[in-house]
Structure formats: structure tokens, C-alpha cells
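The values are calculated or read from the model by the stated rules, or taken from the named source; none is laboratory data. Everything numeric here is computed off the predicted structure, so don't read it as measured data. Neighbour counts run over all protein chains shown; Cβ positions are idealised from the backbone, glycine included. These area figures cover heavy atoms from the full protein model, side chains too; ligands, DNA and RNA do not enter into them. Shrake-Rupley method; radii C 1.70, N 1.55, O 1.52, S 1.80 Å.
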Amino acid sequence: MTTPRTMYEKIWADHVVRDGGGTEPDLLYIDLHLVHEVTSPQAFESLDLTGRTVRRPDLTLATIDHGVPTTGRELGIQDPLSKKQIDTLVANCKKHGIELYDIHDIRQGIVHVIGPEQGITQPGMTIVCGDSHTSTHGAFGALAFGIGTSEVEHVLATQTLPQTRPKSMAVNVNGELPLGVTAKDVILGIISRIGVAGGTGYVIEYRGSTIEALSMAGRMTICNMSIEGGARAGMISPDEITFEYLKGRNYAPTGAEWDEAVEYWKSIRTDEGAEFDVEVHLEAADLAPYVSWGTNPAQTVAVTDAVPDPSEFEDALERDAAERALVYMDLEPGTPITEIPVDRIFLGSCTNGRIEDLRAAAAVVEGRTIASDIHAMVVPGSGLVKLQAEEEGLDLIFKNAGFEWRDAGCSMCLGMNPDILMPGERAASTSNRNFEGRQGRNGRTHLVSPEMAAAAAIAGRFVDVREWN
Amino acid sequence: MEPISVITGQMAPMPRANVDTDAIIPKQFLKRVERSGFGPFLFYEWAYDEEGELIPDFILNQADYAAAEVLVSGPNFGSGSSREHAPWSIEDRGFKAIIAPSFADIFYNNCINIGLLPVVLTDDEVAKLSEIANDPDNLVTIDLEAQKVTTIGFEAGFAIEPFAKHRLANGLDNIALTLEHREAIDGFEQMRAEHKPSLG
Ligand code: SF4
């Protein structure tokens, strides 16, 4: 009998081009390389300077997401630096024969939304991108992780990456999710449990009945934020829900190849009895809708709680970080979360910018209007998500409520385009990072689920969606 | 990539936990397509106020620390995004090494890939170094070969993967190393499963 193995071990073993023998990293083959405009220009430049070429343009897909404007695209890109960066990607893709979903392509969108949407993200693959949220693709049972620009160049030139094997962690979540508690809350709950560096050096596999019951959208939300817990990759064993999602998508196999693929996909699931280096257990019943209060994603409490007092933290650095965070966030210890008023609402990003997220938020918003003085916007994760939402009339629900309805991109998740928070503004955001200055200098970000963001837009402050009718 | 052997220089203490990549180099500076020139924007929002004026208190703005070459910071340094612009900006500012109790994975790899030495010491050792660094006249020496950090009244060893050390010490181009295994890559591609998708 063979030793039971984890999915991660199997995928790794299936991609070893050259075994490093323990003294060197293993050389791993990369099945899919996703590229965007911000982390690639220097890689292409260096490739050209060294006279190297792109080994597998057919395993490389590019999109434009970080720097694109989300309104007035017909006018072109106004910011000259962003324009140059985007033009550079267009030129590089053309030169090297790489497929690019440019700004006028309906398939354009956030890199981690379009891969799954096109069906090019599949179980058992190794996927990399010069972007830390590449972990999103792990929701399909792929080993997917973010890389730096030197590594982007490395993959372009060789279609491989030397990697030292990380350890494995199982995060088990069991039980039925309470009403109003979403995938976003599951991952915020996990991060506040393991800490922002808890996953450093690990690949996480999310397991258990709660995870198995989630849609692909929910699974992607969870894997997306693995990096916020310090893990480069997060993954979920593929099952019928995964196959159902993939079937019929653009790049999904068909006919006999589909059957062969499904066969393989089933074989990569973690074996019964496989051992992880670390196991963490959570009960779904213990989770609540969460709101982050600080400047890292572990600084989070349930919506029914209050802003903590830094003196409660035993660790000196954590206490110091909490003090600093409260100053930055302009919050007083003991303030109930539901008494915190907000100025801006951002619904979108690779964490929560998929059609399911927009539907969930629209269900909260329908027939209501946003509070006065609130500036709220919806930024779909891709052009196709936007189109789908419009076909379902979600755009009207949002617009009638007072939301702005934008074009696809990263937008205010990181504010590289004109969508930023003004100093002092406070946002309820469905994105993944609440770091200082992330959404705009001295802007204050509270991470929440789409439902919680929608409810905050209506109430003008945080509210418990569970009491929302 | 310049080979690294022994680094001797001034330390800049920044005793904070979880220094993230958005703090190291804010997004508005990620629009450049060049690889160099990020140094002036390092820790921009800590270094400049909203009017763009220098904040004199910030450690790297103090004349005493202008020549610092070793950054000493808290755990989980470099958390957040994969932007290599973060280590580029630190390197461009004249730093040759960063000492911290732990680093975020992607950031750590990026440092190795560009030849900026990340050194992991224990919490206590870093706290002690941070204190020693409060006197800008105290220089630190990092010996990569011996895997040792020494300064006045302080000595500590550090771990680093042998292969990463080998690359840093010799300033090796990682891509050239991989291309030595071109035949293995060709061979792998020949047996790669049919059902794997391709965009071509
Ligand atoms: S939406 Fe935000 S987190 Fe996702 S890829 Fe874009 S900038 Fe990064």
C-alpha cells in the first residue's frame, strides 16, 4: 500500500522537472502563467536584454487590471504613467505572442477572476502570477502562488520555477454556516485565529464540511486571502462542485479529454489518512459576520463586538501595533462596531468581485437607498461579470439605490487608478487588505463581506446583517 | 547581481511588526516600467507628510542614519503583496541587508533573487540589535560565509538555505542555472498530460 498523500504533495510530485535532492530547490513545471501590467514590464525588459524568449506563450495569459480606470474608458487612459505601463504590456504581449485581454475586450478583468471564468484555471495545475493573490486559484485544487518580477522573468524564459518545498497545514472548518455568515467571514475568522504570519512557510488546505458546502465563488474568496494569513498558497480538494463549475467553460476540456481530466482531478484529492505538518480546527457555529478594526487583516472582531483595548494584548509588539492602528483608524477602544459610521463603500476586488458576490449584495440593497453622504461603488471583477450582472438587472438595483456602477478592474482595492479614499475617509470594503494607506493615503479601511458592505451603505454605519430584513 | 561576502555598515532601527509592502513602497509609485529609481519613495507615507514635506523624525530622514546599510525591523517584515518594487526600493536606497525575526515568504524570495540579504535572528537578538542601533556610530558586520552577525558586544549566527547562500555569495543568475537543465524541461514537456489546457 502506498503512503497516503495530500493533494499538495501529489501536485508537487507531478510537476518536478528536476529533483533538487534536498540540497537544492526542486525545479517545478508551471502549467499556467498569468501576467498583468504592474509586475511584468521589468521582467520583459530583462528578458529582451539577455536575448531570451518566452518559452511557452501558449501557457501565458495577460490582462490589464491594476491601473485601469473604471469609468470613461472611451476617453482613453488619462494618467500618463499608467498609460505607458499598459501600452508596455500590450507591446510585450504582441512581441512575444502572448494572449492579452486588453481594455476593450469583454473578457478583461482582475487576473484572479478571469482565469477561473475562462476555465483555464483547473485542478492539478501549477499556476503562478506576479501577484500575491494568485492563491485564489487554489480553490480549484491547483497549486497557485504569487511570485516576484525576477520569478516572472524566470517563468517566461523557462516555464519552470525552482522552489523549496513549504510545509503543509490543514485548516478544518466543520458544520453549517450560521445565517449571515459568509465565506469572507470564514477566512477573516481563520486569519484572526492563526494570525497574519500563521501561514508563513505553509501551503494551507481548507477542509471540512463547511468548505465542501461552499460554491466555487466562496471557495475562491477563502483561498484568495490565504496570503493575508501569511501562506503563499491555499487550496481545496476538487469535487463535483468544481467539475460542475468548469464544465463548458472556454478552456475546459471536452469529450474524451474531459473524462480523462476528471479522472485525474479526482485522483489528486488528499488521500484519507494523509498527514499535514499542522492541523487547525474551527467550528462554523462559532463564526460571525466580521469587521476589521485595525490595519492588518487579523485585527478583526465580530460585528457585535467593540473596538478592543490595546492593553488587552499581552505581546508587546502586538500591543504597539494595536495602539498604532487605533490612532491611524481614529477609533476609541470600547466603541461598538455598529456605532462606527462610514463614508465610502467599495464592492469589488478579486476577493469579492464575482457575480455571486454582486447578487448577495444586491439582495440586501434591493428596494432601498444608500444613506445620505455615502459614496458607494460597485466594481465588477471582470467585463463578463459586469455583463452578467446587467443581464440579471443587478446594475439597476445598485444604481437605483445610489451606487455607482463601474467597469472591471482592481480599482479601490489598491487605488492605483483614480479610485482612492481621501485622507480621513472611512470605507467598508469587500477587498482583502486594510494596511495603512492601501486604499489612499490616510484612508481607513474596514474589511467586510459583500452583504455587510451593502448593509453599511444603506445604514451609513456597520450593522449586523443577521438582524437585517 | 553583485556577489555578497561581508557587509559592514550602519544599522537603521525600525522596531515595528508586520511592516507591509504597501508601507515600503505605496502603489502610486508602482507605475514605473523601470527597475531602478524607487529609492526616493521608500516608506513614502512615513517619510513625507501630506504636503510632501519631509518628516524629520522618521528614522531614514535623520542625518545620523543617512548612510545606513542594514535595516533592523520586526517580525513578518515584507508582508502583503508580491511587488518586487519593495526590495528594489530598499536596495536602491543603499541597503544591503535586512535583519528581522521573520519575513513574509514572497518578500524573502524576492530579496534573495535581487541580492539583498535577508537575515533572520531571534526576537531577543533583534531587540538587542535594535537597541545597539540607537547609537548611529555602532556598525554591524554580517558575514555571509560564516553566517554570523557581529557588532559591539553582540554576536549571533543565522540560518540560510545552502542554495540561496551559494547564489548570493556568487551573484548567480538563476535563469542561467535553470537553463542548464533545458533537457530535463524538454523531457518533462513531452510527457505532460494531454488534457492540460493551452491557450495556443
Ligand atoms: S483586486 Fe486587489 S488584491 Fe486583487 S489583484 Fe487587484 S489589487 Fe490585487
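Things worth noting here:
- Of everything listed in (1) within 14 Å of another protein chain (Cβ to nearest Cβ); (2) farther than 30 Å from A:Ser431 by Cβ, the single unmet condition for A:Ala252 is (2).
- The residue of the range A:177-187 that is nearest to the other protein chains (Cβ to nearest Cβ), among those that are in a helix (DSSP H, G or I) and touching an Asp or Glu at 6+ places or on another chain (Cβ under 9 Å), is A:Ile187.
- Strands (runs of 3 or more DSSP E) contained entirely in the range A:1-65, each with at least 2 residues that are crowded, with 22+ Cβ neighbours inside 10 Å: A:26-29, A:32-35, A:60-63
- Some residue of the range B:19-41 being more than 30 Å from A:Glu37 (Cβ to Cβ) and within 10 Å of another protein chain (Cβ to nearest Cβ): no
- Taken over the range B:133-157, the residue count meeting the criterion of being buried (at least 18 other Cβ atoms within 10 Å of the Cβ) and either within 18 Å of the chain's Cα centre (by Cα) or in a helix (DSSP H, G or I) (or both) is 5.
- Some residue of the range B:166-179 being more than 8 Å from chain A (Cβ to nearest Cβ), without any contact (Cβ under 8 Å) to a residue 40 or more places away in the chain and part of a loop (DSSP other than H, G, I, E, B): no
- Taking the range B:56-84 as the range and being outside any helix (DSSP H, G or I), away from every other protein chain (no Cβ under 13 Å) and open to solvent by 10 Å² or more (accessible area, probe 1.4 Å) as the test, the residues that pass are B:Pro56, B:Asp57, B:Phe58, B:Gln62, B:Ala66, B:Ala67, B:Glu69.
- Positions within the range A:15-38 being among the charged types (D, E, K, R) and more than 8 Å from chain B (Cβ to nearest Cβ), in sequence order: A:Asp19, A:Asp26, A:Glu37
- The range A:279-322, subset open to solvent by 50 Å² or more (accessible area, probe 1.4 Å) and in contact (Cβ under 8 Å) with a residue 60 or more places away in the chain, residue farthest from the other protein chains (Cβ to nearest Cβ): A:Ala285
- If you go through the range A:92-106 and keep only what is in contact with a helix residue (DSSP H, G or I) (Cβ under 9 Å, 6 or more places away or on another chain) and either open to solvent by 60 Å² or more (accessible area, probe 1.4 Å) or within 16 Å of the ligand (Cβ to nearest atom) (or both), you end up with A:Lys95, A:Tyr101, A:Ile103, A:His104, A:Ile106.
- Some residue of the range A:76-89 being away from the ligand (no atom under 16 Å from the Cβ), surrounded by 20 or more Cβ atoms within 10 Å (Cβ to Cβ), over 22 Å from A:Pro123 (Cα atoms) and modelled with pLDDT under 95: yes
- The number of residues in the range A:383-419 that are modelled with pLDDT of 95 or more and away from the ligand (no atom under 11 Å from the Cβ) comes to 25.
- For the range A:115-138, filtering for residues that are within 14 Å of the ligand (Cβ to nearest atom) and in contact with a Cys (Cβ under 8 Å, 6 or more places away or on another chain) leaves 4.
- Restricting A:Gly180, A:Gly208, A:Gly195 to those that are under 22 Å from the mean Cα position of the chain (by Cα), within 22 Å of A:Arg433 (Cβ to Cβ) and crowded, with 16+ Cβ neighbours inside 10 Å reduces the list to A:Gly195.
- Taking the criterion of being more than 9 Å from every other protein chain (Cβ to nearest Cβ) and in contact (Cβ under 8 Å) with a residue 40 or more places away in the chain, the residues of the range A:60-77 that qualify are A:Thr63, A:Ile64, A:Asp65, A:Val68, A:Pro69, A:Thr70, A:Thr71, A:Arg73.
- Within the range A:200-214, residues that are aromatic (Phe, Trp, Tyr) have Cβ atoms under 6 Å from residues that are surrounded by fewer than 23 Cβ atoms within 10 Å (Cβ to Cβ) in these pairs: A:Tyr202/A:Pro166; A:Tyr202/A:Lys167, counting only partners at least 6 apart in sequence or on another chain.
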